[in-house]
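Read through the structure below, which is laid out as structure tokens, and then see the notes.
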Protein chains: 4
Amino acid sequence: MDYALRRRFGRRLRLGMVGGGLASLIGETHRMAARLDDRYELVAGCFSADPARGRAAGADLLIAADRTYSDFRQMAEAESKRSDGIDVVTVCSPTDKHHAAALEFLQRGVDVICDKPMTVMLDQAIGLVRAVRKSGRLFCLTHNYTGYPMVREARARIGAGEIGRVRLVIVEFPIGTSRMVVEESDAAKRHWRFDPARVGAAGILGEVGTHVHQMASFVSGLQVVAVSATMATFTPRRRVYDNAFLTVKLENGAQGSFWSSYVAAGNEHGLSFRIHGETGGLAWRQEEPNELWLMPFDGPQRRLSRGQDGLSAAAERASRIRIGHPEAFTEAFANLYRDFADAAMALRMGQALDRSALDFPSVEDGARTLKLIEAATASNERKGAWVDASLDLARILNEG
Amino acid sequence: MDYALRRRFGRRLRLGMVGGGLASLIGETHRMAARLDDRYELVAGCFSADPARGRAAGADLLIAADRTYSDFRQMAEAESKRSDGIDVVTVCSPTDKHHAAALEFLQRGVDVICDKPMTVMLDQAIGLVRAVRKSGRLFCLTHNYTGYPMVREARARIGAGEIGRVRLVIVEFPIGTSRMVVEESDAAKRHWRFDPARVGAAGILGEVGTHVHQMASFVSGLQVVAVSATMATFTPRRRVYDNAFLTVKLENGAQGSFWSSYVAAGNEHGLSFRIHGETGGLAWRQEEPNELWLMPFDGPQRRLSRGQDGLSAAAERASRIRIGHPEAFTEAFANLYRDFADAAMALRMGQALDRSALDFPSVEDGARTLKLIEAATASNERKGAWVDASLDLARILNEG
Amino acid sequence: MDYALRRRFGRRLRLGMVGGGLASLIGETHRMAARLDDRYELVAGCFSADPARGRAAGADLLIAADRTYSDFRQMAEAESKRSDGIDVVTVCSPTDKHHAAALEFLQRGVDVICDKPMTVMLDQAIGLVRAVRKSGRLFCLTHNYTGYPMVREARARIGAGEIGRVRLVIVEFPIGTSRMVVEESDAAKRHWRFDPARVGAAGILGEVGTHVHQMASFVSGLQVVAVSATMATFTPRRRVYDNAFLTVKLENGAQGSFWSSYVAAGNEHGLSFRIHGETGGLAWRQEEPNELWLMPFDGPQRRLSRGQDGLSAAAERASRIRIGHPEAFTEAFANLYRDFADAAMALRMGQALDRSALDFPSVEDGARTLKLIEAATASNERKGAWVDASLDLARILNEG
Amino acid sequence: MDYALRRRFGRRLRLGMVGGGLASLIGETHRMAARLDDRYELVAGCFSADPARGRAAGADLLIAADRTYSDFRQMAEAESKRSDGIDVVTVCSPTDKHHAAALEFLQRGVDVICDKPMTVMLDQAIGLVRAVRKSGRLFCLTHNYTGYPMVREARARIGAGEIGRVRLVIVEFPIGTSRMVVEESDAAKRHWRFDPARVGAAGILGEVGTHVHQMASFVSGLQVVAVSATMATFTPRRRVYDNAFLTVKLENGAQGSFWSSYVAAGNEHGLSFRIHGETGGLAWRQEEPNELWLMPFDGPQRRLSRGQDGLSAAAERASRIRIGHPEAFTEAFANLYRDFADAAMALRMGQALDRSALDFPSVEDGARTLKLIEAATASNERKGAWVDASLDLARILNEG
């Protein structure tokens, strides 16, 4: 591992968290990701609105008692006054709080790592784009699956023309474990991801479909420009959509199919992409993330393997261990944290940003995804009619 | 293998062919399928409209010179006059001839095996339904992929409620070999499957999408009732659609996604289904046909294997060799021929038909598929609007 | 399919069988293999020593009553007197009868296809080598697994130097279905494959280990020259060895490991090879026979696929259907029958033999395998000491 | 994650390292493993015998300058005098230094984590057993592959009798990347793993075979009692064995096959086990570590999946993230560190040790592995003769 930048910076970045208490799986995931490459020390947190629970979490995490907060605004204010205040904050609370929390820290000079989906509504997302640009701070949306080395390899191969012009973009994320397929009969026990008040009525599109959309754009290098959607709620007692079939048109005439589901019963995860160009295809499955299939249309399929000689610089940068020693979910997540750290340290030292460190999803990516959700919801309501899904951010920001 | 029925019948069925000359891969496939279980002897054929080529094929196939014909009507007439005339005819010429040839033989008392798609137009398909019913003969549409033992196992499991009520039906057949992805620059060298005059403008839907539709209906036990389609032609010089994304609604509220493609560059075949019900899923891929994945939503995924103890009677009937000794494409195709032979021998002996022998796709299945093609084409022309795809054959036949 | 040779020959070969009655799976397997490519018609048989059972089998198989025999010597004599007597006989009785039956037909001018293992004892095997050479007839030992196209591809790649000089040859055939793992408590119900009187005491080595040895030699192109063996009987009531670990030395300094087992409980089949040379490896599993992995040591692993452009002539010859449409066990078995037919027709027409038709295992292969069995048994008795396994046939035949 | 024990302990364990400088992949691996679960802070190190290189590593790792040492004895002495001295040391220098370094820290009250192989010679290993017992400290040998959750699941299933009494234990670790297959022509560039002076002449058995042996014993619960070995050096210029075929006998009459190789050209990693008992088998491959195949001999094979309901407590303890979100090499390695931390914290607080935290390989395991290496080397020298591989530690320690 290359420690040169951190040595120049002279210390680890000071990290705070909003959300991610001890019962939160996603919080622990962020913490493991932050620890893996040793660029951060967790020094402050607003882990719960309930002060007692927040303090308990802080104690468990060995955080000083005076840096455990029960209100993110108070945290932002207090930390900004300390000489050893946080450099970076991770926002991993339920979706409906992302917008306000991110704004609060951005305006106090803190770089923000935000869990997905970025916001519930498109206008909030556009507001965040403005805020990030105005603040001059860094912002990362943790579409963690794009952190996988072989996902980055796929993007690099497509960018290099290895499968020719892209024609078909098939991305799926059909989940099917029992906790997703069945809705608790006791409403109090239901997860907030199924609560329209917390995530919006689009449900599956916010929680799962955003990953699908980001993956499609990231790997193909193409933006979605129109969508025809069919959404349904299959699970009794569920109040959000839990299955969405989207047919999409992308820039350059490519077409695609996006499938997001909570009710693909029996699946364990399900995220995959298959992208076909004029002369070949690329296929990847999150459940076997160290392999990427390159399929030329006139020769044997090749199993590209993480850590192999001959991969792209982007894949090599995102890889830690030798070929054959699998890396997985945590490392992919940590790649976003490591890239972000490299960018944040450089920014704070006034150095030029290493462009290869900027592979993490941006606030603009988040806004485009919210646009897709909005368009798909409209298409579904209009019985599958094609709806414009393009987002002209330059125009909007200019007008606004 | 059980030879009891054939012993009672006392001989092999006499088989004729229309189409399937020596250059035809599909012809040879039918012949291997007919030979494997030794229920047929090929004794007559109309292999080509060109008499010399037809005779050469007949000689190669060791068929008597006077039973090689250059016109299927002449063949039907001549064979029907012989005391040793054919019992069964296989029609495997290009699609546009299926309708006339099948009618010709049906009305002369010959049982018909017909390659897919059944006809180019829906009205021809309905005409064939009438003709079969009127003739009292047997008719098999060779959707050969439904002959796989593990496909039949999947149907049996769903029928037995093993995954609960079906919610999602995902069937794909995205091909991507170079011969499919690239259209010959010399029009004379192009395959008839890409000629709208031979297969209809729907192109991919006739050749490939029909397999998708038949597989979905066969395995799920549900009919498609509506479709929203997005079709495209990606390949330069191609004159038919070569990619189709269909979103479908099925009986009972299930939804599905059907993908048919000639341009999934790099794929070798691609046919697969994934069907999810309330409590689990079933997944199968044609390229590894001996395994069927049963995925309960609350426990380990199980790899059901052809030849295993505990499979359904339908799967056992369709299997010849022990577990671990793979069967494949030819055996699946042969299962249609064997089932058809059992039905044809029983019919000719005036015996009751064994219902388990009637698992082959029917003329009605063919008509329903033509209806889907028509509906999908209309939906695509109407920009993805939902179009009724149900076919009320009882009403139509009654009215007609 | 190429019918030119058969057209010149003017008819199918007349085939007889010894063994392979209706209860015999292997008999039916041979019959399907013989039928698939339409080079044979089954016209005579000695299916059982019990005349009634033999006649019943003949009737089921539509064989004329006067050509169903209950003694193979009588069959050989009667058929040799007919003008339409058999050209080829398949011997698929239990092992202990192979030697006598093969001799009988060879000396009457009938070409012989013989199931494996060729004989129980090495001296019988050497006797057969002499008899074949003296008779001038053709002899095929049905090590059917070498009939797979991708097995032949592997041999061709190694022959072409694609993985460099071979260093390691790992071949396994560890079976584990319940019928293999458990020995019937009722001795009368036990399969003859577990009866030392029928197969010899080496047990597993005759039935299974012979396939391992033939595969290793066929693919690597190297003969085994020494063996160190550890054999065991794990199953209660079993009277033959049911597990054998062999370490072997091959020509040219290569080493290998051969594992044969009836007690790898839970396996469905298990035959596989992995061969590593100086610069790469090749791996194949019988349960997914259409793919062969080519693994260069410095680049991505490649999944070679049956039917693909760029494969060897040997693989193409052994393949019938397009890529993506799997072939399997029956086709591999049929490849031996087809090659043998091509050789037998040419021989009978006085034509030069097509060398590519001679890929089937020979009587010499059978003798070498018996030598390995003998050597392994000796090594096991001498506690794993290395024992010479080379067979200098030239010297033996010269001396004898 | 459960932080309760750490909260009671009140701080992270203070960790030192011997070896593992910046150019060392294994050093960084240990550091990631130590960081992942946040039980350690790295505060001291002897990263190089060259003071300048050691200081550079310490600076990169943000270690205080006065705690970077160039001699492990000096480090042990200096740290033992500090009130904030290290609690735990990781020894990951080349093998020949393990023995002395481990002794040095044990006698100063530091718990020791030691990379494998434990020592070069068996007598050193036995000496370490004595030293650990005398010191009362904890010792972990980082056979990291036993840290995988599904490896622990396999052990639990076998322990529970799920496949019946174990008969066959097949473990392989055949590597084949170019850096293993080819020996540098410049001797100065060769890795120390190929230097007999650093690792002993057994070569492959120390570096790779030890993992095979530990895996076999750990999962099967059986010790090896005898070995017949065939070892070879295939690579030009190589001075240690680079391939070893071992046939082994285990307690209770089980037999097995162990294959270790540097020359399985084209493999990426290769570690796997297949264990068969009376009624079924279990199979696992390190390259897809989240799945474990349970293969009952009478029913469908089951793909057990990390994170699934119904797994053993040992597997659950070793797992962090939900099913479908793959964990891999780093997490498996970290499991040893986490378990060790739990034991070390409890020991230092005078609490009873949680037995489930003691799943890490012990000093006794290391001694048994050295015994196997010695026995295999002797067997190879005696041409494969069976050699006793059992180690009666109780007797030896009593006598010594």
> All but one of (1) within 17 Å of A:Phe194 (Cα to Cα); (2) in a strand (DSSP E or B); (3) not acidic (Asp, Glu) hold for A:Phe245; which doesn't?
Replying inline: (1)
>> Being within 30 Å of B:Ala318 (Cα to Cα) and more than 18 Å from the chain's Cα centre (by Cα) is true for just one of B:Glu291, B:Glu207. Which residue is that?
In response: B:Glu291
> So which of C:Ile204, C:Ile163, C:Ile275 is without any contact (Cβ under 8 Å) to a residue 60 or more places away in the chain and crowded, with 24+ Cβ neighbours inside 10 Å?
Replying inline: C:Ile204
> Out of (1) in a helix (DSSP H, G or I); (2) closer than 30 Å to A:Ile321 by Cα, the odd one out for A:Met1 is which?
Replying inline: (1)
> Among the residues of the stretch C:190-204, which ones are over 16 Å from the mean Cα position of the chain (by Cα), hydrophobic (A, V, I, L, M, F, W, C) and within 18 Å of C:Leu122 (Cβ to Cβ)?
Replying inline: C:Ala197, C:Ala201, C:Ala202
>> Quick check on this structure: which one of B:Val263, B:Val224 is touching a residue at least 60 places away in the same chain (Cβ under 8 Å), more than 12 Å from every other protein chain (Cβ to nearest Cβ) and buried (at least 24 other Cβ atoms within 10 Å of the Cβ)?
In response: B:Val224
> Residues of the stretch C:14-42 being within 12 Å of chain B (Cβ to nearest Cβ), part of a strand (DSSP E or B) and within 21 Å of the chain's Cα centre (by Cα), which ones?
Replying inline: C:Tyr40, C:Leu42
> Which residues, taken from the stretch B:379-393, are part of a helix (DSSP H, G or I) and touching a residue at least 12 places away in the same chain (Cβ under 8 Å)?
Replying inline: B:Ser379, B:Asn380, B:Leu393
> Of all residues in the stretch A:133-160 being closer than 20 Å to B:Gly266 by Cβ and among the small types (Gly, Ala, Ser), which is surrounded by the fewest Cβ atoms within 10 Å (Cβ to Cβ)?
Replying inline: A:Ala160
> Which of the residues belonging to the stretch C:223-237 are of a type outside the set (S, T, N, Q) and touching a Phe, Trp or Tyr at 6+ places or on another chain (Cβ under 6 Å)?
Replying inline: C:Ala226, C:Met231
> So which of B:Ser228, B:Ser220 is touching a strand residue (DSSP E or B) at 6+ places or on another chain (Cβ under 8 Å), farther than 23 Å from B:Ala315 by Cα, of a type in the set (Ser, Thr, Tyr) and modelled with pLDDT of 95 or more?
Replying inline: B:Ser228
> How many residues does the stretch D:266-291 contain that are in contact with a strand residue (DSSP E or B) (Cβ under 7 Å, 6 or more places away or on another chain), facing another protein chain (nearest Cβ under 7 Å) and not in a strand (DSSP E or B)?
Replying inline: 5
> Taking A:Tyr241 and the conditions (1) more than 7 Å from chain B (Cβ to nearest Cβ); (2) closer than 21 Å to B:Trp259 by Cβ; (3) among the hydroxyl-bearing types (Ser, Thr, Tyr), which numbered condition does it fall short on, given that it satisfies the others?
Replying inline: (2)
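Yes/no per residue for (1) surrounded by fewer than 24 Cβ atoms within 10 Å (Cβ to Cβ); (2) out of contact with any Leu (no Cβ under 9 Å at 6 or more places or on another chain); (3) without any contact (Cβ under 8 Å) to a residue 12 or more places away in the chain:
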site	(1), (2), (3)
A:Lys81	yes, yes, yes
A:Ile86	no, no, no
A:Ala102	no, no, no
A:Val112	no, no, no
A:Pro117	no, no, no
A:Leu122	yes, no, no
>> Please count how many residues of the stretch C:325-363 are on the phi < 0 side of the Ramachandran plot and more than 14 Å from chain B (Cβ to nearest Cβ).
In response: 23
> Looking at the stretch A:13-30, which of its residues are within 15 Å of A:His191 (Cα to Cα) and without any contact (Cβ under 8 Å) to a residue 24 or more places away in the chain?
Replying inline: A:Ala23, A:Leu25
> Hey, does the stretch C:8-24 have a residue that's at positive phi and surrounded by fewer than 17 Cβ atoms within 10 Å (Cβ to Cβ)?
Replying inline: yes
> What are the residue pairs meeting all of these: first residue in the stretch D:56-77, first residue over 18 Å from D:Leu15 (Cβ atoms), second residue outside any helix (DSSP H, G or I) and charged (D, E, K, R), Cβ atoms under 9 Å, and 6 or more apart or on different chains?
Replying inline: D:Ser70/D:Asp50
>> Just the residues that are in contact with a helix residue (DSSP H, G or I) (Cβ under 7 Å, 6 or more places away or on another chain) and within 14 Å of chain C (Cβ to nearest Cβ), please, taken from the stretch D:364-385.
In response: D:Ala376, D:Ala385
> Which one of the conditions (1) over 26 Å from C:Arg320 (Cα atoms); (2) of a type outside the set (Val, Ile, Thr); (3) part of a helix (DSSP H, G or I); (4) more than 8 Å from chain B (Cβ to nearest Cβ) does C:Gly45 fail to meet, given that it meets all the rest?
Replying inline: (3)
>> I need a count of the residues in the stretch D:86-110 that are among the small types (Gly, Ala, Ser) and modelled with pLDDT under 95.
In response: 1
> Quick one: is D:Ala357 surrounded by 23 or more Cβ atoms within 10 Å (Cβ to Cβ), within 20 Å of the chain's Cα centre (by Cα) and not basic (Lys, Arg)?
Replying inline: no
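The values are calculated or read from the model by the stated rules, or taken from the named source; none is laboratory data. Because the structure is predicted, anything quoted here is derived from the model rather than measured. A quick note on method: Cβ atoms are made from the backbone with ideal geometry, for glycine too, and the neighbour counts reach across all protein chains shown.
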